[in-house]
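**Student:** If you scroll down you'll find the structure; I have some questions about it.
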Amino acid sequence: MPRGPRLLLPLLALPLVLTGCGGGTAPGADPDALQVVASFYPLEYLAERIAGEHAQVTTLTAPGVDPHEVELTPRQVGSLGSADLVVYAAGMQPAVDDAVSSQAAEHALDVMPSASLLPSDGDDHDHGHGHEHDEAGHDDEAAEATEEHSVDDGHDHGAFDPHFWLDPKRYADVAATLANHLAEVDPEHAEDYRANVRVLTDELRDLDDELADGLQTCASREVVTTHDAFGYLGARYDLHVVGITGIAPDAEPSPARLAEVTALVEELGVGTVYAEPLLPTAIAETVAAETGAQVLTLDPADGLTADEDTDYPSIMRDNLDALREGLGCS
Ligand SMILES: [Zn+2]
């Protein structure tokens with residue numbers, strides 16, 4: 001036989017190997033894949049969804065670690081220098097801010113300017129007061145947040161609330177920015193990035209609608225949480241959010257703060273205090289025990305637990321269930 005078939009066979013086999021039939025070839029094994037480093041989970045999720053097979057996405061915040069408190073190994077810091085893109089949220093993780101400025105200033109994307117951040121205002125997130133949910137776009141807060149985010153010293157948690165991903169609309173805005181940036185960094189796959197972000201945006205819109213519908217009619221709109229991560233969720237769905245600890249979770253709230261929140265819970269007749277998967281449940285339990293409130297779990301989705309089965313949409317839908325139960329929504 002002539003040698004044609006022998007030459008042909010390897011060529012035919014190649015695509016099968018690259019698409020990973022049988023699971024032997026991880027997407028990240030592609031040597032041409034873009035190396036993307038995400039600083040913590042919400043950005044890792046966006047990068048994976050938008051870049052898909054074209055990138056190998058790694059995260060600086062391992063499952064089970066509170067992202068606010070992350071510390072980087074020398075190896076992680078070094079990985080920033082060789083990455084094609086580092087996506088991070090300035091002001092959220094001081095260790096990451098430092099590493100980016102020393103290693104990746106030329107190829108890092110700070111998503112914060114596209115998130116329409118609101119100033120952090122201590123213990124009271126009453127942005128949603130009198131806020132009407134309208135189907136067309138319902139994002140008046142974005143217009144209100146006229147001040148550009150400008151936390152550039154990397155150690156100021158106080159100026160702006162970084163937890164934008166708990167509002168699916170803000171999260172979608174950041175997704176669009178990341179997709180545009182990926183298209184610039186890797187123009188060859190720009191169409192794929194745009195297609196992927198369209199799918200993701202539709203999913204986030206559906207999630208937003210579910211949250212708005214599910215939280216429309218509730219016996220209470222008072223949400224007492226462990227750390228003050230849910231201000232944007234409150235702003236979007238007209239909930240009044242009180243965090244027992246601050247925007248960046250402190251190790252322990254002061255006795256004065258505990259007394260203050262306990263008094264508020266009693267005064268407003270709040271029936272539920274929310275614990276978090278990555279923070280000590282004792283904080284919520286202390287307030288609950290004083291007041292007779294129940295403890296449920298609300299997940300700020302800023303880091304995964306070791307539970308592999310959760311992702312951003314599933315966490316948010318679990319949050320919706322927990323809110324509906326705790327607030328008595330019909
Ligand atoms: Zn947080």
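Quick grid of which residues meet (1) assigned to a loop (DSSP other than H, G, I, E, B); (2) closer than 22 Å to Leu60 by Cα; (3) among the acidic types (Asp, Glu):
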position: Asp228; (1), (2), (3): yes, no, yes
position: Ile247; (1), (2), (3): yes, yes, no
position: Val265; (1), (2), (3): no, no, no
position: Ala288; (1), (2), (3): no, no, no
position: Leu296; (1), (2), (3): no, no, no
position: Pro300; (1), (2), (3): yes, yes, no
position: Asp309; (1), (2), (3): yes, yes, yes
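**Student:** Right, another one. Restricting the range 267-286 to residues that are among the hydrophobic types (A, V, I, L, M, F, W, C) and in a loop (DSSP other than H, G, I, E, B), which is farthest from Thr226 (Cα to Cα)?
**Tutor:** Val270
**Student:** Let me ask you something else. Show the residue pairs that are 6+ apart or on different chains and have beta-carbon atoms under 7 Å apart, the first residue being within the range 228-239 and touching a residue at least 60 places away in the same chain (Cβ under 8 Å), the second being more than 11 Å from the ligand (Cβ to nearest atom) and of a type in the set (Lys, Arg).
**Tutor:** From residues that are touching a residue at least 60 places away in the same chain (Cβ under 8 Å), the pairs are Tyr232/Arg170; Arg236/Lys169; Asp238/Arg221; Leu239/Arg221.
**Student:** Any residue in the range 17-33 that is modelled with pLDDT of 90 or more and in the same structural domain as Val197 (by TED's automatic domain parsing)? Walk me through how you get there before you give the answer.
**Tutor:** We begin by selecting, within the range 17-33, every residue modelled with pLDDT of 90 or more; these are 33.
Subset that is in the same structural domain as Val197 (by TED's automatic domain parsing): 33.
There is at least one residue in the range 17-33 that is modelled with pLDDT of 90 or more and in the same structural domain as Val197 (by TED's automatic domain parsing).
**Student:** Residues to consider are Val287, Val242, Val295, Val273; find the one that is away from the ligand (no atom under 16 Å from the Cβ) and within 23 Å of Asp161 (Cα to Cα).
**Tutor:** Val273
**Student:** Please determine, by comparing only the residues of the range 213-226 that are among the hydrophobic types (A, V, I, L, M, F, W, C) and part of a strand (DSSP E or B), which one is farthest from the ligand (Cβ to nearest atom).
**Tutor:** Taking the range 213-226 and keeping what is among the hydrophobic types (A, V, I, L, M, F, W, C), we get 215, 218-219, 223-224.
Those still in the list that are part of a strand (DSSP E or B) too: 218, 223-224.
Numbers: Cys218: 24, Val223: 15, Val224: 16 Å.
Among those that are among the hydrophobic types (A, V, I, L, M, F, W, C) and part of a strand (DSSP E or B), it is Cys218.
**Student:** Between a first residue in the range 159-170 that is closer than 14 Å to Pro42 by Cα and a second residue that is of a type in the set (S, T, N, Q) and more than 15 Å from the ligand (Cβ to nearest atom), which pairs have beta carbons less than 8 Å apart while being 6 or more apart in sequence or on different chains?
**Tutor:** As it stands, the answer is Phe164/Ser116; Arg170/Ser116, since those pairs meet every condition given.
**Student:** I'd like to verify a number: residues in the range 59-79 that are in a strand (DSSP E or B) and more than 16 Å from the ligand (Cβ to nearest atom), how many?
**Tutor:** Of the residues in the range 59-79, 0 are in a strand (DSSP E or B) and more than 16 Å from the ligand (Cβ to nearest atom).
**Student:** Still on this structure: With the condition kept exactly as written, say whether any residue in the range 92-105 is within 15 Å of the ligand (Cβ to nearest atom), touching a residue at least 60 places away in the same chain (Cβ under 8 Å) and under 16 Å from the mean Cα position of the chain (by Cα).
**Tutor:** The answer is yes, given that some residue of the range 92-105 is within 15 Å of the ligand (Cβ to nearest atom), touching a residue at least 60 places away in the same chain (Cβ under 8 Å) and under 16 Å from the mean Cα position of the chain (by Cα).
**Student:** Would you mind telling me which numbered condition in (1) over 24 Å from Arg170 (Cα atoms); (2) within 16 Å of the ligand (Cβ to nearest atom); (3) modelled with pLDDT of 95 or more Gln56 fails?
**Tutor:** Every condition holds for Gln56 apart from (2).
**Student:** Among His227, His181, His240, which is the only one that is closer than 27 Å to Gln294 by Cβ and under 19 Å from the mean Cα position of the chain (by Cα)? First the steps, then the outcome.
**Tutor:** Numbers: His181 fails: closer than 27 Å to Gln294 by Cβ; His240 fails: under 19 Å from the mean Cα position of the chain (by Cα).
Answer to the check: His227.
**Student:** If you don't mind, another one. Which condition breaks for Gly214 when tested against (1) in contact with a Lys or Arg (Cβ under 8 Å, 6 or more places away or on another chain); (2) loosely packed, with under 15 Cβ neighbours inside 10 Å; (3) among the small types (Gly, Ala, Ser)?
**Tutor:** (2)
**Student:** Across the range 245-270, what is the number of residues that are more than 16 Å from the ligand (Cβ to nearest atom) and not acidic (Asp, Glu)?
**Tutor:** 14
**Student:** Something else now. Which count do you get for residues in the range 216-252 that are over 14 Å from Tyr274 (Cβ atoms) and modelled with pLDDT under 95?
**Tutor:** 6
**Student:** Same structure again: Return yes or no: is Tyr232 closer than 21 Å to Arg317 by Cβ, within 16 Å of the ligand (Cβ to nearest atom) and aromatic (Phe, Trp, Tyr)? I'd like the intermediate steps shown before the answer.
**Tutor:** Numbers: closer than 21 Å to Arg317 by Cβ: yes; within 16 Å of the ligand (Cβ to nearest atom): yes; aromatic (Phe, Trp, Tyr): yes.
When the stated conditions are applied, Tyr232 passes them.
**Student:** Out of the residues in the range 90-118 that are outside any loop (DSSP other than H, G, I, E, B) and of a type in the set (Ser, Thr, Tyr), which is farthest from Glu69 (Cα to Cα)?
**Tutor:** Among those that are outside any loop (DSSP other than H, G, I, E, B) and of a type in the set (Ser, Thr, Tyr), it is Ser114.
**Student:** Something else: Considering every residue within the range 32-39, establish whether at least one is surrounded by fewer than 24 Cβ atoms within 10 Å (Cβ to Cβ) and in contact (Cβ under 8 Å) with a residue 60 or more places away in the chain.
**Tutor:** Yes.
**Student:** Identify, from the list Val224, Val270, Val295, the residue that is in contact with a strand residue (DSSP E or B) (Cβ under 8 Å, 6 or more places away or on another chain), free of Cβ contacts under 8 Å to residues at least 24 places away in the same chain and either among the basic types (Lys, Arg) or not assigned by TED's automatic domain parsing to the domain that holds Tyr45 (or both).
**Tutor:** The match here is Val295.
The values are calculated or read from the model by the stated rules, or taken from the named source; none is laboratory data. Bear in mind the structure is a predicted one, so any value in this text is a computation, not a measurement. Backbone-built Cβ (ideal geometry, glycine too); neighbour counts: all protein chains shown.
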